[in-house]
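All remarks here apply to the structure that follows.
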Amino acid sequence: MAWDEWEQLKTQAAGRESDEPPVPRRASYWLACATLTAAAALAALTGCSEETQNARKDSAPNSLCGMGVKPASLTPFLPGGSSLSSAEEAPVKGTKQCEIRVDGKPALVAIQEWREKGARITAVALDTKHIDMAAYETTGSYLYEAGGAVARVEPCQDPSFKGDMFAIIEVRSPDLGTTDAMKQLITEYAKSVRESEACSSG
């Protein structure tokens, strides 16, 4: 093969290589785009989650049928929804119930209940059927886990009832809140019950 023919073949081969698309650079481009898209989607989801949490916090009541609690303490146990309401009833003598509803569905129930003197806090918790007795923590006067809590309210006297007052919270929406958050909520609720008319008689 003559030298000039060899040089011509090299030139043609170089021309074909320059005409091929830069695959590695294009792959890098699409990888960068995919990464940016995923990051944007995550940021959007995070923003929505924060907005939902803030909306729930803003709409949460500052009491459970007159028993003061902080809205921020109640928020972790309320599912998302467009409307929130409460209803109070006394199904039997010595018991008051406050039901918090989201979109008309029960989300949380707060209860004031007189029991016999010396009633065990674990027995009261078992009766609720909403507290996971395999996961609870207790301080003696308080028993709590994410699904509910019981507190012995002391001191509390009422001449109509010769026994112990218990404050109870039951969460009706599953997989909400934490054990620590419930400890905070039951502490605030029990304090409000203790300072209310329910414990000021006698």
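So if I check each of ALA41, ALA72, which one is modelled with pLDDT of 50 or more, farther than 22 Å from CYS199 by Cβ and assigned to a helix (DSSP H, G or I)?
ALA72
Among residues of segment 59-82 being of a type in the set (A, V, I, L, M) and within 17 Å of LEU176 (Cβ to Cβ), the one that is nearest to the chain's Cα centre (by Cα) is LEU78. GLN112 falls short on exactly one of the conditions (1) under 21 Å from GLU188 (Cα atoms); (2) within 18 Å of the chain's Cα centre (by Cα), and that condition is (2).
Could you grab the pairs with beta carbons closer than 6 Å, sequence gap of 6+ or different chains, first residue in segment 177-202 and under 28 Å from GLY80 (Cβ atoms), second one β-branched (Val, Ile, Thr)? That search, which allows pairs on different chains as well, returns ILE186/ILE169; GLU188/VAL69; TYR189/VAL69; ALA190/VAL153.
Residues that are among the acidic types (Asp, Glu) and closer than 18 Å to THR139 by Cα within segment 166-202 comprise ASP180, GLU188, listed in sequence order. Can you find a residue that is acidic (Asp, Glu), under 14 Å from LYS183 (Cβ atoms) and part of a strand (DSSP E or B) anywhere in segment 126-147? Looking for residues that are acidic (Asp, Glu), under 14 Å from LYS183 (Cβ atoms) and part of a strand (DSSP E or B), one finds at least one in segment 126-147, hence yes. Candidates are the residues of segment 128-142 that are out of contact with any helix residue (DSSP H, G or I) (no Cβ under 8 Å at 6 or more places or on another chain) and surrounded by 13 or more Cβ atoms within 10 Å (Cβ to Cβ); the one that is farthest from ALA167 (Cα to Cα) is HIS130. Among residues of segment 83-104 that are within 22 Å of ALA190 (Cβ to Cβ), those with a Cβ under 8 angstrom from a residue that is at pLDDT below 90 and part of a strand (DSSP E or B), sequence gap 6+ or separate chain, pair up as GLY94/PHE161. Condition first: of a type in the set (D, E, K, R) and under 25 Å from SER73 (Cβ atoms). Can you find one or more residues in segment 105-113 that meet it? The answer is yes, given that some residue of segment 105-113 is of a type in the set (D, E, K, R) and under 25 Å from SER73 (Cβ atoms).
Selection of segment 155-202 for residues being loosely packed, with under 15 Cβ neighbours inside 10 Å and part of a strand (DSSP E or B) yields GLN157, SER200.
Taking the residues in segment 131-159 that are of a type in the set (Gly, Ala, Ser) and in contact with a Ser or Thr (Cβ under 8 Å, 6 or more places away or on another chain) as candidates, determine which candidate is modelled with the lowest pLDDT. Walk me through how you get there before you give the answer.
Taking segment 131-159 and keeping what is of a type in the set (Gly, Ala, Ser), we get 134-135, 140-141, 146-149, 151.
Applying the additional criterion that residues be in contact with a Ser or Thr (Cβ under 8 Å, 6 or more places away or on another chain) yields 135, 146, 148, 151.
Values: ALA135: 92, ALA146: 95, GLY148: 96, ALA151: 98.
Ranking the candidates gives ALA135 first.
The values are calculated or read from the model by the stated rules, or taken from the named source; none is laboratory data. Only a predicted model underlies this, so the values are computations on that prediction, with no experimental measurement involved. Don't worry about glycine lacking a Cβ; one is built from the backbone with ideal geometry, like all the others, and counts go over all protein chains shown.
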